[in-house]
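Below is one structure; the comments refer to it alone.
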Amino acid sequence: MYHLVWKGKNVSSGRPREFNVDKALDRALKVFWRRGYEGTSLPALTKAMRISRPSLYAAFGNKESLFRKAIDRYVEGPAACIRDALGEPTARSVAERLFRASVDLLTDSRNPHGCFLVQGALACGNSADCMRQEMARRRDEFVVALRERFERAVAEGDLPSDVDPGDLARFVATVLHGMSVQASSGASRRELERVAQIALRAWPT
């Protein structure tokens, strides 16, 4: 949890300086989401966050640290609906809610196109391999959580006993990631909804 207001000292004037940390982090997230880790410069960040470079370092650490905080912000904020879908009572309703929430997120005009965890990884080169690995780790955590949810569904008889929960989890995740790439290329809400409908036709019964 981040403090609402960060206070520092203006080196040139000695006056205290304040800014809303949550709002600054939200602005940083949008920049990273739109440009990727490597495509985002410190001047672009400080301009969007409306803070000085010393303030950025003092409140968030370096660019890598800020990016990690932006990932946390994304998972806890815009993408929280994806995580919440795991609480649905049946495996199919989990998938339906995931697809529906993903379409909502991907077509929200307030957000950059695509999924941050997918787009940010595609935009990372070799020099930012640690960031690509971090985003891959976050995506893998989601697949594991989805697999565990489907394992429960098999145990409860909600899914057929011959269904492989890991395969089904990867199938759902692959559809979600593909929808993100399509959204970043301009796919409409209706087009993404059609993708989800076709994916659900393959749902095991």
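If the cut-off is 19 Å between C-alpha atoms, which aspartates and glutamates fall inside it for LYS47, apart from same-chain ones fewer than 8 positions away?
Answer for LYS47, where 19 Å is the Cα cut-off: GLU18, ASP22, ASP26, GLU38, GLU64, listed by chain and number.
Taking just the alpha-carbon atoms of segment 148-205, what radius of gyration and Dmax come out, in angstrom?
Taking only Cα atoms of segment 148-205, I get Rg and Dmax of 13.4, 40 Å.
Going by average Cβ density within 10 Å per residue, which order do the peptides 61-67, 26-32 take, highest to lowest?
Working: 61-67: 16.7, 26-32: 21.4.
Final packing ranking: 26-32, 61-67.
Starting from the residue with the highest accessible area, list TYR57, TYR74, TYR37 in decreasing order, probe 1.4 Å.
Ranking TYR57, TYR74, TYR37 by accessible area, largest first, yields TYR57, TYR37, TYR74.
Counting Lys and Arg as +1 and Asp and Glu as -1, each charge on the Cβ, what is the dipole of the chain about the Cα centre in debye, to the nearest 20?
Values: 33 positive and 25 negative charges, 284 e Å.
Roughly 1360 debye, rounded to the nearest 20.
How much length, in nm to one decimal, is gained on full extension between LEU86 and LYS23, taken as 0.36 nm per residue of separation minus their Cα-Cα distance?
Computed gain between LEU86 and LYS23 is 19.8 nm.
Angle between the Cα long axis of helix 91-106 and the longest principal axis of the chain, 0 to 90 degrees, nearest 10?
Roughly 40 degrees between the two axes.
Please give the helix 21-35 orientation as an angle from the longest Cα principal axis of the chain, in degrees from 0 to 90, rounded to the nearest 10.
Compared with the principal axis, the helix lies near 60 degrees.
What relative contact order, as a whole-number percentage, does the chain give when Cα pairs under 8 Å and 6 or more residues apart are counted?
Values: 220 pairs, mean separation 39.9, N = 205.
The normalised contact order for the chain reaches 19 percent.
For segment 117-204, what is the charge dipole size about the Cα centre, in debye to the nearest 20, if Lys and Arg each add +1 at the Cβ and Asp and Glu each add -1 at the Cβ?
Details: 12 positive and 13 negative charges, 83 e Å.
In total the dipole reaches around 400 debye.
How far is the Cα center of segment 154-193 from the Cα center of segment 98-119, in Å?
Going from one Cα centre to the other spans 14 Å.
Working with all protein chains in place, sort THR40, THR46, THR107 by solvent-accessible area computed with a 1.4 Å probe, largest first.
Greatest to least solvent exposure: THR107, THR46, THR40.
Give the value in nm², to one decimal: projected area of the alpha carbon convex hull of the chain, averaged over all directions.
Its average projected convex-hull area is 12.4 nm².
The values are calculated or read from the model by the stated rules, or taken from the named source; none is laboratory data. Please read all numbers here as calculations on a predicted model, not as lab measurements. Ideal geometry is used to build each Cβ from the backbone, glycine not excepted, and the neighbour counts take in all protein chains shown. Accessible surface is based on the protein model in full, side chains and every heavy atom, while ligands, DNA and RNA are left aside. Shrake-Rupley method; radii C 1.70, N 1.55, O 1.52, S 1.80 Å.
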